[in-house]
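> Have a look at the structure that comes next, please.
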Amino acid sequence: MGNRKIIAAMLILIALTVLVALPAAAQSKKQLTLATASIGGAYYPMGQAMTTVINKHVPYLSLTPEVTNGAVQNPRLVGDGNTDFGITNANTAYFAFNGQKPYNKKIENLAAIGNLHPSVFHIVVLAKSKINSIADLKGKKMAVGPAGGGTIPLLQSILAEYGMKMDDIRANYLPYSDGFTQMGDGNLDAAIGLGGYPMAAVMEISTTQQIRLLVPEPDVFNRLLKKYAYYSKITVPKTIYKQDADIPFVGIKNIFFTKKSMDEKLVYDVTKALYNNLDELKAANATARQIDSASLSQTPIPLHPGAKRYFDGKK
């Protein structure tokens with residue numbers, strides 16, 4: 001009986017050791033975060049897909065996507081150390097790094113990892129609306145995205161071409177999903193969103209109501225492209241949003257970035273995990289299919305040494 005008690009005690013001890021060891025092993029992974037944007041845009045689902053791919057191929061890392069106010073806020077969050085990685089627009093990354101508006105100082109603790117999908121600037125009204133052009137938005141109630149989102153700098157650039165400022169519209173700073181819902185309910189005249197296409201919030205409203213998309217006239221479009229090198233023209237097929245013709249949107253690249261102080265090996269591993277497995281990312285996220293593999297390293301701010309080592313090794 002004595003031996004049986006000893007064996008039973010040993011088995012219990014082994015079981016307890018295993019139970020304690022399992023959470024400890026899980027907790028040994030490095031816990032980091034990725035700043036995305038509000039629900040309804042392209043950044044959050046892209047961040048979910050990115051973290052899934054990265055976590056799969058970097059076994060020691062547990063990267064989690066975070067809901068944030070978006071492209072303008074994310075460089076501040078990463079630069080201040082409140083999050084570890086982020087997604088932002090090419091122009092806002094450039095503004096943040098160089099201390100240009102909407103930033104009041106340089107955020108120098110930023111480094112690029114590589115390019116992602118392009119975003120397109122959606123200005124949406126209901127098909128029955130009497131708003132027929134961007135010029136008609138003066139004095140109208142608009143959902144303009146969250147206050148820290150990437151829509152604001154681009155909206156300001158476009159309004160300026162029509163002799164308008166933000167004060168000339170009645171801006172409502174709402175997450176994309178809320179803004180488009182409010183417009184669909186008749187509480188707002190228009191809603192805007194910046195994201196890869198098809199954009200979730202736009203797709204959602206287009207399934208229940210007929211919509212129209214407003215874009216700059218050709219002469220205004222040409223002025224924008226000449227004035228701002230980081231903007232581009234991206235044509236979205238008419239079938240995406242059930243329109244009568246293909247739509248030429250104002251577009252801008254997005255970048256994946258981190259802290260300049262982030263560990264070089266970790267960034268190398270993350271860069272390799274993501275860009276060596278773009279097929280997995282594209283399978284998980286339709287917007288990722290628009291990533292241009294030929295220009296991944298052509299970023300508006302300097303590459304992190306870990307990312308640079310990855311791209312140098314691909315030459």
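> Do the sum for the chain: with -39,500 (n - 2.57) for every DSSP H run of n ≥ 4, divided by all residues, what is the mean residue ellipticity at 222 nm, to the nearest 500 deg cm²/dmol?
About -12000 deg cm²/dmol.
> Can I ask one more? Strictly over 26 Å apart at the Cα level, which of LYS260/LYS315; LYS165/LYS227; LYS242/LYS282; LYS105/LYS265; LYS29/LYS315; LYS30/LYS259 would you flag in this model?
Flagged as over cut-off: LYS105/LYS265; LYS29/LYS315.
> Relative contact order of the range 28-159, please, whole-number percent, based on alpha carbon pairs below 8 angstrom and at least 6 residues apart.
24 percent
> Sticking with this one: Rounded to a whole number, what % of the accessible area of the chain do carbon and sulfur atoms account for, probe 1.4 Å?
Within the chain, the accessible surface is 54 percent carbon and sulfur.
> Let me ask something else. May I ask for the Rg/Rh ratio of the range 70-199, computed from Cα atoms with Rh as the Kirkwood radius, given to two decimals?
My calculation of the ratio gives 1.00.
> Please enumerate, by chain and number, the aspartates and glutamates with C-alpha under 20 Å from the C-alpha of LYS272, excluding those fewer than 8 residues away in the same chain.
Those aspartates and glutamates meeting the cut-off are ASP84, ASP263, GLU264, GLU280, ASP292, ASP312.
> Which of ALA90, ALA201, ALA229 moves the most in a Gaussian network model of the chain with Cα springs under 10 Å?
ALA229
> Something else about it: Could you state the accessible area per residue of the range 81-205 in Å², with a 1.4 Å probe and every protein chain left in place?
37 Å²
> Report P(r) for the range 138-208: all Cα-Cα distances, bin width 10 Å, range 0 to the bin holding the largest distance, values in whole percent.
21, 53, 25, 1
> In Å², what does the accessible area per residue of the range 212-309 work out to with a 1.4 Å probe?
That works out to 49 Å² for each residue.
> Just to be sure I understand: of the beta bridges DSSP finds with both ends in the chain, what percent are antiparallel, rounded to 5?
The antiparallel fraction comes to roughly 65 percent.
> Using the Cα atoms of the chain, I'd like the radius of gyration and the largest Cα-Cα distance, Dmax, both in angstrom.
Computed over the Cα atoms of the chain, radius of gyration and Dmax are 23.0, 94 Å.
> So what's the gap between the Cα centers of the range 137-172 and the range 279-313, to the nearest angstrom?
Result: 31 Å between the Cα centres.
The values are calculated or read from the model by the stated rules, or taken from the named source; none is laboratory data. Since we're looking at a predicted model, the values are computed, not measured. These area figures cover heavy atoms from the full protein model, side chains too; ligands, DNA and RNA do not enter into them. Shrake-Rupley method; radii C 1.70, N 1.55, O 1.52, S 1.80 Å.
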